[in-house]
Amino acid sequence: MDSYPNELLSALVERIGLGIIVLDANTRIQHWNAFVAQRCGKNLDQAKGQLFVNIFPEADTSRFERMVELARDKSTHVYSHWLEMPALVELPVSTAEHGLLALQSTLFFPFETPDGSIHYGLVMYETSTLAQSSEQLELALNALGGKQVEQDQLLRKLEAANSQLLQSEKMAAIGQLAAGVAHEINNPIGYVFSNLKTLDGYVHDLLKIIDAVDGATSLDDVRQLKRSLEYDYIRGDVEALISESGDGIDRVKQIISALKDFSHIEEEEFRLADLHRGLDSTLNVVSNELKYKAEVVKEYGALPEVDCISSQINQVAMNLLVNAAHAIEKFGRITLRTACDGDWIWIEVEDTGKGIEPKLLNRIFEPFFTTKPVGKGTGLGLALSYSIVQKHHGRIEVHSEVGKGSRFRVWLPVHQPSALVQADGQAI
Ligand SMILES: Nc1ncnc2c1ncn2[C@@H]1O[C@H](COP(=O)(O)OP(=O)(O)OP(=O)(O)O)[C@@H](O)[C@H]1O
Ligand SMILES: [Mg+2]
């Protein structure tokens with residue numbers, strides 16, 4: 001009866017898929033099971049009574065000693081994990097799936113035999129499947145890390161391309177603006193210049209009359225000269241010329257101040273701005289493009305000051321206004337509306353132009369998408385506007401009907417999220 005469980009246990013130990021080595025208190029080998037015998041290629045009879053580190057010289061001796069110390073002094077079970085390389089003892093394991101592996105996890109523990117002496121059990125088991133999946137996980141993680149790096153690089157490239165795009169669009173906008181401004185300034189400067197020439201002639205004649213006063217023998221001579229030089233006409237015209245020239249110079253001054261308001265080139269920071277003022281100066285700047293194509297109707301609501309980079313919002317408005325004018329074939333109407341809705345405001349540009357075909361609606365914000373002839377449009381206006389509005393945490397809505405017109409509505413938050421963080425002192 002008694003021997004039955006022992007036989008059972010020794011059969012179990014010999015057949016189990018774990019390496020089991022029994023050592024005495026001095027770490028001399030007492031026994032190992034068939035699993036070890038098959039893999040280590042050493043003879044148990046010759047090994048018996050020998051020190052473990054002598055039979056397994058390849059073992060990591062210092063680690064083995066530490067395990068013994070812990071097991072002896074603290075009577076604990078000491079585990080070593082397959083991840084701790086090198087393995088304490090390498091017993092090559094062959095698996096159907098992964099071929100030969102030498103990964104070992106070990107368990108080292110003390111136990112007392114019936115005669116009261118201390119022995120140690122060293123159990124070695126194979127965790128190759130775990131190792132394999134962990135290895136795969138690590139590979140996947142590395143690959144993912146690589147992808148992340150690639151994505152970061154791509155993002156950086158995109159950012160660079162985007163800022164180049166912004167730059168080139170800025171240049172294009174400046175070119176367009178310069179052409180408009182040149183035209184606008186040319187008119188008043190033209191007539192101020194021609195008035196100056198006329199005034200030059202008048203001054204010449206007036207000086208002649210004054211000079212004649214000194215040499216004149218009679219007042220009649222002077223009167224005669226005045227009549228012959230059409231003094232009365234000059235007198236009336238001089239005043240008209242001077243006031244007209246004053247108006248011309250005023251117009252130039254207006255254009256220059258609108259330009260200053262519009263550009264704020266150096267300004268790249270968010271600050272509270274009066275959008276109506278910006279829209280008015282934008283209208284002034286593009287009036288040359290608009291006036292032959294449309295009557296511009298302003299329907300401004302009440303707007304609070306909005307946290308934005310006003311020069312960039314001006315640029316968005318300019319793009320929408322110029323697009324609206326381009327969409328109108330003969331002469332139409334462009335309505336510029338604004339309104340406030342809770343914490344948001346919107347700016348809307350509506351035109352009575354040719355409209356946008358539904359199938360093109362989702363393409364118009366693509367960079368370089370244009371239906372204008374080569375050399376006419378760069379296709380960057382809306383792409384740039386989109387990125388500016390995104391930067392402002394806003395959105396653009398489009399409504400369009402072919403043959404009737406289009407409406408672009410730009411929604412902007414009154415406060416930028418970062419400003420809210422500062423105001424509340426905590427993230428939202
Ligand atoms: N108000 C509008 N009415 C009709 N079509 C429009 C309107 N606004 C934009 N589009 C269409 O969207 C396209 C893209 O506009 P976007 O402003 O990006 O470029 P563009 O005007 O063609 O060129 P750019 O603005 O660079 O000079 C236009 O070519 C046009 O087909
Ligand atoms: Mg455009």
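The values are calculated or read from the model by the stated rules, or taken from the named source; none is laboratory data. As the structure is a prediction and not an experimental result, all values here were calculated from the model. All Cβ positions, glycine included, derive from the backbone under ideal geometry; neighbour counts span all protein chains shown.
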| query | Do we find a residue being among the aromatic types (Phe, Trp, Tyr), assigned by TED's automatic domain parsing to the domain that holds residue 401, more than 30 Å from residue 161 (Cα to Cα) and modelled with pLDDT of 95 or more anywhere in region 342-349? | reply | yes
| task | Collect the residues in region 186-227 that are hydroxyl-bearing (Ser, Thr, Tyr) and surrounded by 11 or more Cβ atoms within 10 Å (Cβ to Cβ), keeping them in residue-number order. | result | 191, 194, 198, 202
| remark: Flagged in region 371-404 as touching a Gly at 6+ places or on another chain (Cβ under 6 Å) and either within 16 Å of ligand 2 (Cβ to nearest atom) or assigned to a helix (DSSP H, G or I) (or both), in numbering order, are 400
| said: Any residue that is touching a Phe, Trp or Tyr at 6+ places or on another chain (Cβ under 7 Å), hydrophobic (A, V, I, L, M, F, W, C) and not in a strand (DSSP E or B) - is there at least one of those in region 23-42? | reply: no
| Members of region 313-337 found to be surrounded by fewer than 22 Cβ atoms within 10 Å (Cβ to Cβ) and within 20 Å of residue 413 (Cα to Cα), listed by number | 337
| remark: For region 36-69, the count of residues that are among the hydrophobic types (A, V, I, L, M, F, W, C) and without any contact (Cβ under 8 Å) to a residue 24 or more places away in the chain equals 3
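Would it be correct to say that residue 329 is in a loop (DSSP other than H, G, I, E, B), acidic (Asp, Glu) and either outside the structural domain of residue 281 (by TED's automatic domain parsing) or more than 8 Å from ligand 1 (Cβ to nearest atom) (or both)? Before the answer, list the steps.
Values: in a loop (DSSP other than H, G, I, E, B): yes; acidic (Asp, Glu): yes; either outside the structural domain of residue 281 (by TED's automatic domain parsing) or more than 8 Å from ligand 1 (Cβ to nearest atom) (or both): yes.
For residue 329, the condition - in a loop (DSSP other than H, G, I, E, B), acidic (Asp, Glu) and either outside the structural domain of residue 281 (by TED's automatic domain parsing) or more than 8 Å from ligand 1 (Cβ to nearest atom) (or both) - is met.
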| field | Selection from region 375-400 of residues that are loosely packed, with under 12 Cβ neighbours inside 10 Å and within 11 Å of ligand 1 (Cβ to nearest atom) | value | 375, 376
| query | Of the conditions (1) closer than 27 Å to residue 270 by Cβ; (2) away from ligand 2 (no atom under 16 Å from the Cβ), residue 314 fails just one. Which one is it? | reply | (2)
| Of all residues in region 356-370, which are outside any helix (DSSP H, G or I) and more than 6 Å from ligand 1 (Cβ to nearest atom)? | 357, 362, 363, 365, 366, 367, 368
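Could you tell me whether residue 362 is in the same structural domain as residue 391 (by TED's automatic domain parsing) and within 16 Å of ligand 2 (Cβ to nearest atom)?
Details: in the same structural domain as residue 391 (by TED's automatic domain parsing): yes; within 16 Å of ligand 2 (Cβ to nearest atom): no.
Criteria not met by residue 362.
Please tell me if residue 245 is closer than 30 Å to residue 352 by Cα and not aromatic (Phe, Trp, Tyr).
Details: closer than 30 Å to residue 352 by Cα: no; not aromatic (Phe, Trp, Tyr): yes.
No: the conditions fail for residue 245.
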| said: Looking only at region 285-307, filter to residues that are within 13 Å of residue 338 (Cβ to Cβ) and not in a loop (DSSP other than H, G, I, E, B); which one of those is farthest from ligand 1 (Cβ to nearest atom)? | reply: 306
